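Coordinate-derived values only; no laboratory data. Please read these numbers as outputs of a predicted model, since none were measured by experiment. So basically every Cβ, Gly included, is an ideal-geometry build from the backbone, and we count neighbours across all protein chains shown.
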Amino acid sequence: MTKIAIFLSIHLFLFKLTIADNYHNPVRCQEVLQGKELDSLNARFVGSWPFGESWALALDSVRNIAFLGSGGGVLAIDITNPSSLRKLGEIRRSGKVAQIALEDNLLYIHHQNFGLEIWDVTDLGQPTHLSSILGPRYPDAIAVKDSFAYIGSDSLRIYNISDPRRPFKISSYGNWDIGSITISDSFAYISTDRRDSTLIIVNIQDPLNPYTVGFWRNDSLGVGNVTVLNNYAYCPNYYGLQIVDVSNPSNPFEVGSCRTPGIACAVAVRDSYAYVADGDRGITIINVRNPTNPFVVANLTPVTWCWMVDVLVLDSFAYLSDGRSKRGLWVVNINNPLNPFEAGFFSVPGWSFDVVLEDNYAYLVGWRDGLRILNIENPAYPYEVGSFATEHGSQGVAIRDTLAYLCDFAKGLRILNISDRTRPYEIGFWATATGACCAVAISGSYAYIADGSDGLKVINIENPSNPYEVGFYDTYYAWDVAIQDSFAYIADGGGLLIINIQNPSNPYEVGSLLIPDGPVVIAVKDSYAFVGGYDRGNMRIINIGNPANPYEVGFVETYGPCFGISLAYPYVYVSDWFWGFWIAEISEPSNPIRIGYYCTGYCPYGLASFGSYVYVAASLCGLQIYENLLLGVKESRLPLSANRRPLEIYPNPAKSYLAIRLPLTANRQSASGGLKIFDVSGKSIKEVVTPADKSEMKIPLKGMNPGIYFLRIGTETKKFLVVK
């Protein structure tokens, strides 16, 4: 019973961490890196296969196309035949796509790394990025109407987008945590952060001078994505749907409400019915013919667990985005609102949990959907070649020769033939009894499984079609396992365990170390074990030279849980769930030095490295690929503080010149040596004397080849790109 309690408490904790829906957003790097660079000098973003669970939806009724925000990308899907949906095109970015809007053939993408982006999607095979609105970097809501874009975060910002290549801000208004924006006639209906539970009505007839005309405070928990139709605002919330009379915008008042089976996230209204994206209960249809007496007429819940977060209606179908399963886009026939039924769905990848590299392939483990095999020969554009679905999802995989050993979380070990990576198939299976198959390591003829509450399991895999258990060692809660020589090193929830496996049928403990971080991931090299935890974060370095007496010698600080470690001596890559990942130099294990970082835009789990590249399983955002530039420029342990204005450069990328806005006077005293430009190898190629009486200057780039360069003045350094 104790182990069951431990198992449940750990998973409830992780479940809370992974809820990133419209009601709970995990703390991420933006709260640490407000307005600063996403990358350090020593790391750059290379490419991604960014697709994952779906949180945003827009419909093109003319071309019968659904634009689906899938993880860090957008998929264009042909919906002409709902029973046979097919992809027509895609847009790849790095961080989570939270909202999208479509007007004419322009797609507006609310993106957590890049603010609001405007794309021309006339040609779905080659969508064109037109411009970005970089402030705020992390908007919470967008709406587009006519020649204006309305962006919400801590205030309402209005942009003129008459020329989508050159949008510019015309006004800013209010001081709210905005959850959603709906435009109807001359008013913006703004739902504030769900803790405030308020609907604010702003007059935007003159976008230069918006002003509040009225508000309605919700007594329930939260206001979701509002729909306004025929003088009524339909407000989804934690308990269901509330209907507010807005015929007099200065005096809105509730006229009716209706509870729904789930948590209402969004609503679409047509004729006499409201179609509610009802969280884990699918779609709920409410009769709203009489707004004072709405009532549920039907509910349809998918056969698999879901979290419906957005809904739009077109012709006889309701289209819903599923933010918590591989269902992705769910299509429901509503020709008869009293009897809805599933018409089809478009599957998307699930939550990416871990990644393993072999040859030119990345094996991406999905927490809810199994294994995906990606070709990474070109790191800038990885693509999927094959997949293998599991019933309960997966947490770990090991690759050897033409076999993949896949941990099916609630089932056990599945052995796959991957000689043809486009068609992996199962050849053997070992079932766990009461454990949870978390991770696997292969050594000789044995698979060593971190089996959760059942500890370490030793499986004979000499005949892959008939694996069987030969030994086990009872532990606290085995999350991860690494093998070196005759020892198994286990990240065991409460600490590090070292197990002698010289006789696989009789493993026994030789050493242990209590670690307060709640270890969940481990990597081992020579005399050191590198252990990451979910509780207090941090990646700890343990001396295991004497397995009977392990002891800590150093650590790499993280802001949040550490679920991934990859060794590339003398470097180690450390995932930071609240941040991204860190690059640390570990040539002196007792004094590891962080030399680079990258804010991945969403919570990273496992990672793997090869050469100068690091591959990150980016949870909701699929696989992301970065490069360690190996400059050896030692950066401070923390980014620039919020009260210090950094060196600013533009345009970036640059062609003929680079404009520089010099730091404040207080920061320029250390710049007496002037300004220097280095190439990617660290070679100084240009020096310029900085004027003492000017705050801005331009540097000609004549003679500089296209590529990455670094500009340094005093203690400040910036990266920029020169293009033709």
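Expected output is a single nm value to one decimal: the length gained when fully extending between Lys169 and Met697, i.e. 0.36 nm times separation in residues minus the C-alpha distance. What is it?
187.5 nm
Tell me, in nm to one decimal, what length is gained between Asn463 and Asn290 on full extension, where the rule is 0.36 nm per residue of separation less the Cα-Cα distance? Walk me through the numbers before you get to the answer.
Working: separation 173, 0.36 × 173 = 62.28 nm, distance 6.79 nm.
Length difference between fully extended and current span is 55.5 nm.
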For Leu102, what charge total do you get from the other residues with a beta carbon under 11 Å from its beta carbon, if Lys and Arg give +1 and Asp and Glu give -1?
-> -2
If one computes the Cα centroid of the range 199-252 and of the range 148-169, what distance in Å separates the two points?
-> 21
Taking a ≥ b ≥ c as the square roots of the eigenvalues of the Cα gyration tensor, with a/c under 1.5 meaning rounded and otherwise prolate when a/b exceeds b/c and oblate if not, the range 352-628 is oblate
Most exposed first, judged by fewest Cβ atoms within 10 angstrom, Lys702, Lys411 run Lys702, Lys411
Could you list Val458, Val481, Val688 in order of exposure, starting from the residue whose Cβ has the fewest other Cβ atoms within 10 Å?
-> Val688, Val458, Val481
For the range 357-469, max minus min Cα coordinate along each principal axis, in Å, sorted largest first?
-> 41, 27, 19
Once phi is turned into ³J(HN,Hα) by the Karplus curve 6.51 cos²θ - 1.76 cosθ + 1.60 with θ = phi - 60°, what whole-Hz value does each residue of the range 98-104 show in order, with x for glycine and proline?
-> 9, 8, 9, 9, 10, 9, 6
Let a ≥ b ≥ c be the square roots of the eigenvalues of the Cα gyration tensor of the chain; is it rounded (a/c under 1.5), or, if not, prolate (a/b larger than b/c) or oblate?
-> oblate
In whole Hz, the Karplus estimates of ³J(HN,Hα) for the range 468-474 (6.51, -1.76, 1.60; θ = phi - 60°; x where Gly or Pro) are 8, 6, 10, x, 7, 9, 6
Heads up, the range 514-601 by the C-alpha gyration tensor (a ≥ b ≥ c square roots of eigenvalues; a/c under 1.5 rounded, else a/b over b/c prolate, else oblate) looks oblate
Under 5 Å between amide H atoms, partner at least 5 residues away or on a different chain: which partners does Arg270 have, H built in plane at 1.01 Å?
-> Tyr275
C-alpha center-to-center spacing [the range 63-89, the range 531-577] in angstrom | 42
Using θ = phi - 60° and Karplus 6.51 cos²θ - 1.76 cosθ + 1.60, couplings along the range 155-167 (whole Hz; Gly, Pro as x) | 7, 9, 10, 10, 10, 7, 10, 4, 10, x, 7, 9, x
Just going by the charge dipole of the chain, with Lys and Arg at +1 and Asp and Glu at -1 on Cβ, which of Thr690, Pro706, Leu229 is farthest out on the positive end?
-> Thr690
Just rank Thr402, Thr80, Thr558, fewest to most, by other beta-carbon atoms within 10 angstrom.
-> Thr80, Thr402, Thr558
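Calculate, for Ser84 and Arg259, the FRET efficiency according to 1/(1 + (r/R0)^6) with r their C-beta to C-beta distance and R0 41 Å; round to the nearest 0.05.
About 0.70, to the nearest 0.05.
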Want the number for Phe341 to Ser505: 0.36 nm per residue separation, take away the alpha-carbon distance, what's left?
-> 53.7 nm
Mind giving me the FRET efficiency for Val385 and Tyr569? R0 is 35 Å, r the Cβ-Cβ distance, nearest 0.05 is fine.
-> 0.70
Alpha-carbon Rg with Dmax, taken over the range 570-615, Å | 10.7, 31
For Arg327, list long-range residues whose amide hydrogen, built 1.01 Å from N in the peptide plane, is under 5 Å from its own amide hydrogen.
-> Val348
Using a simple spin-label model with points 7 Å from Cα along the Cα→Cβ vector, what separation in nm is obtained for Arg423 and His129?
-> 3.8
For the range 379-483, state which GluC sites (Glu not before Pro) are in a DSSP loop and have at most 14 other beta carbons lying within 10 Å of their beta carbon.
-> Glu391, Glu462
Mean Cα-pair separation over length for the chain, i.e. relative contact order, pairs under 8 Å, 6 or more apart, % | 9
Inter-part distance where the range 376-451 and the range 585-601 are each reduced to a Cα centre, Å = 30
Top positive-direction residue, dipole computed over the chain with Cβ charges, set Ser619, Tyr381, Ile263 | Tyr381
Kirkwood hydrodynamic radius (Cα pairs, Å) of the range 477-626?
-> 15.2
Residues with amide H under 5 Å of Tyr598's amide H, sequence separation 5 or more or different chain, H placed in the peptide plane at 1.01 Å from N; which?
-> Phe581
Theoretical FRET efficiency, 1/(1+(r/R0)^6), r = Cβ-Cβ of Ser250 and Asp271, R0 22 Å, to 0.05 | 0.15
